[in-house]
Amino acid sequence: MSRSPGRKQENHKISRELFVLTYGALVAQLCKDYEKDEDVNTCLDTMGYSIGVRLIDDFLARSAVKKCRSYSETAGMIAQVAFKMYLGITPTVSCRSAAGNEFSLILDKNPLVDFVEELPAERASLCYCNLLCGVIRGALEMVHLAAEVTFLQDRLKGDAVTEIGITFLRKPEDRKHKRN
Amino acid sequence: VGHAVLAINGSEVNGRFTADGKDVLEFLGNPANYPVSIRFGRHRLSSNEKLMLASMFHSLFAIGSQLSPEVGSSGIEMLETDTFKLHCFQTLTGIKFMVLADPRQTGIDALLRKIYEIYSDYALKNPFYSLEMPIRCELFDQNLKLALEVAEKAGPFGPGS
């Protein structure tokens, strides 16, 4: 993560490996704590949500982006600016529905799975990176955009690509009345 | 004139007493303590006054954005009076940052954005801080103070409040 030049502190960078290992340890512990894959997935999503509701302000403060005018702008912002800022990757965005409210982000590279090739047999429906879905969902909610975010495809499960699906739930017109 | 003593020799003053219990007028009356540096400014708002101000302004802000002839108004950005200017910055997440400053003070926009960064760093990233609660984070206070000092020095005239 980059910092503004005025900060007089030492280099903030921590090793990427440590981060990936920490994430792996987190998932491994959750697998010990919960028997069912769905429970682990839910737990990861909830944790991600708590991160997302706070991370959004950091994102907005640092990137100083303007308000997005459409769902596709928002999806593009997530993929090209946010993912780049926090994970150093740029997923490709595409629109999945004619209504213009369903998008998919295809992750070419995913740092979180640096050390994982495939899921163990007893954990076949585990969404290893489900934390990311929670983060996106939490962040969007804080800017008054309700969305469902899930993994549509996962290389760890044997699919060809890793794909995150974002479905925006409300029309933009409804949002105007919620503005404070 | 409406101004009060805010600090003597760098340590904050509360009413008639300094932080370590010395009586201000006594201290100033004793020539042995000279030279002394005194900071004047407008009265600091009490916590209650701040809450009242924030809630009133929040409602005014909402009404203002609805009444605005421009579609999609971003709300009240600045309130100007003879004695002070109130600057408000609303984030896309709905948080409002307000700064009360001297009318001649410049650089408030940059200050507001800096405060947003400080908030997102030292308040939001503090795991023990719950959203929407008063911020009691040491690092937040320290960095905020630093940012205010920088802004004050950069302004063309004396300190804002």
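The values are calculated or read from the model by the stated rules, or taken from the named source; none is laboratory data. The model shown is predicted, which means the values in this text are computed figures rather than measured ones. Here the Cβ positions follow ideal geometry from the backbone for every residue, glycine too, while neighbour counts run over all protein chains shown.
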Every residue from segment A:59-80 that is more than 14 Å from chain B (Cβ to nearest Cβ) and aliphatic (A, V, I, L, M): A:Ala75, A:Ala79
Within segment A:98-117, tally of residues that are exposed (fewer than 14 other Cβ atoms within 10 Å of the Cβ) and closer than 20 Å to A:Asp159 by Cβ: 4
Residue ID - surrounded by the fewest Cβ atoms within 10 Å (Cβ to Cβ), chosen from residues in segment A:122-157 that are charged (D, E, K, R) and either outside any helix (DSSP H, G or I) or in contact with a Cys (Cβ under 8 Å, 6 or more places away or on another chain) (or both): A:Glu148
Enumerated strands (runs of 3 or more DSSP E) restricted to segment B:46-141, each holding at least 1 residues that are more than 11 Å from chain A (Cβ to nearest Cβ) and without any contact (Cβ under 8 Å) to a residue 24 or more places away in the chain: B:78-80, B:85-90
Failed criterion for A:Thr90 (all others in (1) more than 23 Å from A:His12 (Cβ to Cβ); (2) assigned to a loop (DSSP other than H, G, I, E, B); (3) among the hydroxyl-bearing types (Ser, Thr, Tyr) hold): (1)
Residue count, segment A:50-70 (criterion: within 16 Å of the chain's Cα centre (by Cα) and closer than 26 Å to A:Ala99 by Cβ): 2
Scope segment B:127-161; condition within 14 Å of B:Leu111 (Cα to Cα), in contact with a helix residue (DSSP H, G or I) (Cβ under 6 Å, 6 or more places away or on another chain) and modelled with pLDDT of 90 or more; matching residues: B:Asn143, B:Leu144, B:Ala147
